[in-house]
Structure formats: C-alpha cells, structure tokens
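Since the structure comes first, as structure tokens, the remarks are kept for the end.
The values are calculated or read from the model by the stated rules, or taken from the named source; none is laboratory data. The shown structure was predicted, so the numbers you read here are calculated from the model rather than taken from an experiment. As a convention, Cβ positions derive from the backbone with ideal geometry for all residues, glycine included, and neighbour counts pool all protein chains shown. Ligands, DNA and RNA are stripped out before the accessible areas are found, and what is left, the full protein with its side chains, is counted by its heavy atoms. Shrake-Rupley method; radii C 1.70, N 1.55, O 1.52, S 1.80 Å.
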Amino acid sequence: MTNDELIALEVDKTVDARGTACPGPLLEAKKAIATIDSGEIMEILSADEGTKRDIPKWANKKGHDYMGTVEESGYFKIYLKKG
Amino acid sequence: MSKLCMGLFSGSLDKLTAAGVILSGAAADDMDVEVFVLLQGARAFIKGNEDKIDNVAEATHLKDEFMKSLEVLNVSTWYEFFEMAKDMTNVKIYICSLAGKIWGGEKLEDFNDLVDDLCGIGEYLTSAEESDIHLFI
C-alpha cells in the first residue's frame, strides 16, 4: 500500500508507544492486538528502530497482516490488520 | 510453543537487564520459559534486593553514563522486565538452593515474588535438554 493509502485507513486501535524503548512497543502491540477483533486495523506509533524491524516479523509469525510503515517526523507508524 | 531455558549466573545490573529484555522477547513470542538462577544471580532475587543492584559487569569505568542512559531512554528496570514477562507468558523462575544459601536465602519466603521455587542443578540440565533454546547469562 502507498503511504497515502495507509494514512487513509480507518484505524480501530492506536497504540502510542513513543515514550518507551524496545521491547516496550512490541509488548504494547501484543497486549493491544488482543483487544481488537479479527480483520480490525491497529496502528502502532514508535520512535524505536529495533521495533520497526521487530513488529512486522512478529505480526507475520502470529498470523496478522503487516500492511506497511509510514515515516513521520521523528517517529513512524506501523499498520497491522488482525488475523 | 517454543521452550527457552535460561541459566542466569550473573547478578550484575547490565546482565540482569539483558536477561529481562530477552524474557520480554520470549513473552512477545508466547514462549514457555524456565529460568534457573545460579550463584551471583541469586543475590538479586533475595527479597528487598531488587533496588540494590548497582554493579555492572562490563565497561565498569563507564557505569555512570550507562546508568544515566537507561534513565534517559526510559528503560524499564530488570525487575519490571521480569514482571512483565511473567505476566505475558509462562515464565518460571527457580533459584538454585546452594546459590540462595550463599546470599542468605534458605526458604522460598526469603526471595521476592518473581521466584516460583528453589531447585537443584539436575533440574536445570534436564530443562536445558528439553528446550529449543538454551541461554547462559
């Protein structure tokens, strides 16, 4: 998906993990995805480089759909669709 | 479900923190974890010692910068990492009874709430044999 398409997605859950360092964002994502339904979309905000690589791999392992990452100023947004 | 066996020999802050981060990674992956705390590690698990760990194993001359960095980056404490991991997945923490005695802990009650039981060396090796991942810290 393009950046514009990602940003236009209707997000069902936002996890703002910009205050925490790795592995904080990953654990917050894990806790949060349990609270949404299959097919719903979650966005994770983080400023941690390790997380940028961890979450897509983790999502695929767990059967979720990694939709893409959008770079913002000083942080990034990862979009996942719950499997 | 993968199994991780960790032999936690070290009781220094940097290695305990590293162990905590690894346990968090294992928790994110829903692994079954068994931690066997040996020798130096047992000191950290004595009730009341959680905040008394202030030595680092490496780059000791840079300890102050290291500790400051942890604070600035808002890194959880080693204890918090262990707590989070126990909360999210199956993590069992066993203290080698000899190691416990070395630091003054004789019974389970002498140790903090992270600890599930005391154990012997045979259990550590059996766990290592049965695990997918075996780490020694």
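Quick one: which residue in B:38, B:4, B:16 is within 26 Å of residue A:26 (Cα to Cα) and out of contact with any Asp or Glu (no Cβ under 9 Å at 6 or more places or on another chain)?
Answer to the selection: B:16.
Is it the case that some residue within region B:116-136 is more than 14 Å from chain A (Cβ to nearest Cβ), over 17 Å from residue B:5 (Cα atoms) and surrounded by 17 or more Cβ atoms within 10 Å (Cβ to Cβ)?
For region B:116-136, residues more than 14 Å from chain A (Cβ to nearest Cβ), over 17 Å from residue B:5 (Cα atoms) and surrounded by 17 or more Cβ atoms within 10 Å (Cβ to Cβ): absent.
In the set A:2, A:69, which member is open to solvent by 50 Å² or more (accessible area, probe 1.4 Å) and more than 14 Å from chain B (Cβ to nearest Cβ)?
So the residue among A:2, A:69 that is open to solvent by 50 Å² or more (accessible area, probe 1.4 Å) and more than 14 Å from chain B (Cβ to nearest Cβ) is A:2.
Only one residue in B:13, B:39, B:73 is more than 24 Å from residue B:132 (Cβ to Cβ), without any contact (Cβ under 8 Å) to a residue 12 or more places away in the chain and of a type in the set (A, V, I, L, M). Which one?
B:73
Within region B:67-74, identify whether any single residue is in contact with a Cys (Cβ under 9 Å, 6 or more places away or on another chain), assigned to a helix (DSSP H, G or I) and more than 14 Å from chain A (Cβ to nearest Cβ), and answer yes or no.
Checked against the condition, which is being in contact with a Cys (Cβ under 9 Å, 6 or more places away or on another chain), assigned to a helix (DSSP H, G or I) and more than 14 Å from chain A (Cβ to nearest Cβ), region B:67-74 yields no hits at all.
So residue B:27 clears everything in (1) modelled with pLDDT of 95 or more; (2) surrounded by 23 or more Cβ atoms within 10 Å (Cβ to Cβ); (3) within 14 Å of chain A (Cβ to nearest Cβ) except one condition, right? Which one?
In the conditions (1) modelled with pLDDT of 95 or more; (2) surrounded by 23 or more Cβ atoms within 10 Å (Cβ to Cβ); (3) within 14 Å of chain A (Cβ to nearest Cβ), residue B:27 misses (1) alone.
Determine which member of the set B:63, B:92, B:101, B:15 is touching a Lys or Arg at 6+ places or on another chain (Cβ under 9 Å) and open to solvent by 50 Å² or more (accessible area, probe 1.4 Å).
Exactly one residue qualifies, and that residue is B:92.
Go through the residues of region B:30-48 one by one and say whether even a single one is within 14 Å of chain A (Cβ to nearest Cβ) and surrounded by fewer than 20 Cβ atoms within 10 Å (Cβ to Cβ).
Among the residues of region B:30-48, at least one is within 14 Å of chain A (Cβ to nearest Cβ) and surrounded by fewer than 20 Cβ atoms within 10 Å (Cβ to Cβ), which makes the answer yes.
Looking at B:109, B:83, B:58, which one is touching an Asp or Glu at 6+ places or on another chain (Cβ under 9 Å) and either part of a helix (DSSP H, G or I) or open to solvent by less than 20 Å² (accessible area, probe 1.4 Å) (or both)?
B:83
So which residues in region A:34-83 are touching a helix residue (DSSP H, G or I) at 6+ places or on another chain (Cβ under 7 Å) and part of a helix (DSSP H, G or I)?
If the condition is that a residue be touching a helix residue (DSSP H, G or I) at 6+ places or on another chain (Cβ under 7 Å) and part of a helix (DSSP H, G or I), then A:51, A:54, A:55, A:58 are the ones that fit.
Hey, could you check region A:18-56 for residues that are touching a Leu at 6+ places or on another chain (Cβ under 7 Å) and open to solvent by 50 Å² or more (accessible area, probe 1.4 Å) and say which is nearest to the other protein chains (Cβ to nearest Cβ)?
A:54
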